[in-house]
1. Rounded if a/c is under 1.5, else prolate if a/b is larger than b/c, else oblate: which is the stretch 1-63, with a ≥ b ≥ c the root eigenvalues of its Cα gyration tensor?
2. Would you please give the residues with an amide H less than 5 Å from that of His229, counting only those at least 5 places away or on a separate chain, with H modeled from the backbone geometry?
3. Just list whichever of Lys6/Lys47; Lys47/Lys129; Lys47/Lys188 have alpha carbons separated by over 28 Å in the model shown.
4. Sequence gap at least 6, Cα distance under 8 Å: using those rules, report the relative contact order of the stretch 217-264 to the nearest whole percent.
5. I want the antiparallel fraction of DSSP beta bridges within the stretch 215-297, as a percent rounded to 5.
6. For the cross-link pairs Lys52/Lys228; Lys220/Lys333; Lys52/Lys220; Lys110/Lys220, which exceed 31 Å when the distance is taken from alpha carbon to alpha carbon?
7. Determine which aspartates and glutamates satisfy two conditions relative to Lys20: a Cα distance under 16 Å, and not lying fewer than 8 residues away in the same chain.
8. State whether the stretch 297-347 is rounded, prolate or oblate according to the following rule on the C-alpha gyration tensor (a ≥ b ≥ c being the square roots of its eigenvalues): a/c under 1.5 gives rounded; otherwise a/b larger than b/c gives prolate, and the remaining case gives oblate.
Amino acid sequence: MTNGEKIRVLVADDSAFMRKVLVSILDTDGSFEVVGEARDGRETVEKAAKLKPQVITMDILMPHMDGLQATEVIMATEPRPILIVSAESREGADATLKALELGAIDFIAKPSSGVDLDMSSVREELVRKLRTASKVRVVRNILRPVSPKVARVTPSPMDFAAAPSVNGSRLPVVVLAASTGGPATLMKLIPDFPPNFPAAILIVQHMPGSFTAQFAEQLKAVSQNPVKHAEHGDVLLGGHVYVCPGDQHLRVAPPGRIALDPGPRIGGYRPCIDVTLESVAGLVGANTVSVILTGMGNDGARGVMAVQENGGHVLAQDEATSVIFGMPSEAIKTGAVAQVLPLEQIAAVITRLVGGQKGAVRAALR
């Protein structure tokens with residue numbers, strides 16, 4: 001977008017009131033031009049093709065064709081960055097996560113009150129995420145990605161010249177960190193970890209707390225290893241995946257228990273990726289593998305330096321497969337990243353780093 005050029009937005013929502021609120025926010029900001037409004041999914045698909053907006057705000061519950069169907073059609077025919085505007089209920093969370101899997105870039109949660117609806121409470125988030133979405137390179141989705149499996153890539157031994165030793169007395173811990181674009185990325189990545197994976201996997205995804213429990217359920221449906229929404233006091237087990245609650249920071253405390261903290265945002269984030277990485281690196285040292293995946297901002301950059309300083313191994317997703325290359329790029333700039341990899345190679349590399357599939361692993365950190 002050049003100086004003075006506004007971001008073209010299509011607003012889709014079956015509620016005339018909600019459309020009015022969204023349009024008012026965008027008009028007031030001055031950086032956007034609302035090129036059209038749509039009352040249902042069919043109209044959204046038609047106007048997306050005709051008006052060619054740079055970004056679309058998409059409601060989920062709409063008549064004739066819902067937001068999920070509209071997202072799928074648009075991403076298969078006239079792909080555009082889509083920002084989901086969704087309710088925070090369990091049903092809303094489930095639908096939103098499916099929309100992200102279908103190619104939507106990000107989402108914002110509508111305020112919970114249906115009577116005193118105050119979209120000004122999410123004004124800043126809406127504007128920020130629309131600006132980010134407008135810069136994303138979208139790709140066409142041909143089919144609905146149900147439980148996607150990517151091809152296994154056998155890494156070259158050269159890839160592991162700098163790999164840390166993970167044959168000590170402590171269970172390896174893998175931290176997967178993501179923000180914008182993360183849900184769909186993790187839905188593709190998690191199925192590629194083999195059963196009985198010889199490490200504990202922690203997922204720290206920037207997402208509201210009302211969405212992460214449902215996200216854990218969706219990951220459980222595609223994972224070859226057990227997945228759970230992390231709880232305070234959980235003991236880390238090999239071959240288990242733990243999803244950090246979206247409204248709490250996650251640390252790992254001796255001798256290997258999850259400690260959740262609902263304290264204030266750190267560096268603007270909660271959960272804060274840096275917090276998790278620093279605690280894991282301090283506890284398991286060289287048995288730490290951290291992966292910075294797609295996302296906006298610089299969360300994780302400080303944490304990966306702690307991982308490197310403690311002898312752990314740092315990976316970053318490459319730009320070509322990232323929805324947003326912000327977080328991986330910031331991590332790479334620190335000099336702590338040992339390998340930059342396309343998404344389809346990450347699970348294979350991590351598996352090799354933590355010793356490969358060795359059947360039963362020790363039950364918990366010692």
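1. Since a/c reaches 1.5 but b/c is at least a/b, the shape of the stretch 1-63 is classed as oblate.
2. Amide H neighbours of His229: Val243.
3. Where the Cα-Cα span goes over 28 Å, the pairs concerned are Lys47/Lys188.
4. Once divided by the residue count of the stretch 217-264, the mean separation gives 32 percent.
5. Values: 7 of 10 bridges.
Beta bridges within the stretch 215-297, antiparallel portion: roughly 70 percent.
6. Exceeds cut-off: Lys52/Lys228; Lys220/Lys333; Lys52/Lys220.
7. Excluding near neighbours in sequence, the set is Asp29, Glu33, Glu37, Asp40, Asp59, Asp116, Asp118.
8. oblate
Any read-out appearing in this document is the output of simple, stated calculations on the displayed coordinates, not a laboratory observation. Just so it is clear, the structure is predicted and the values come from calculations on it, not from any experiment. A quick note on method: Cβ atoms are made from the backbone with ideal geometry, for glycine too, and the neighbour counts reach across all protein chains shown.
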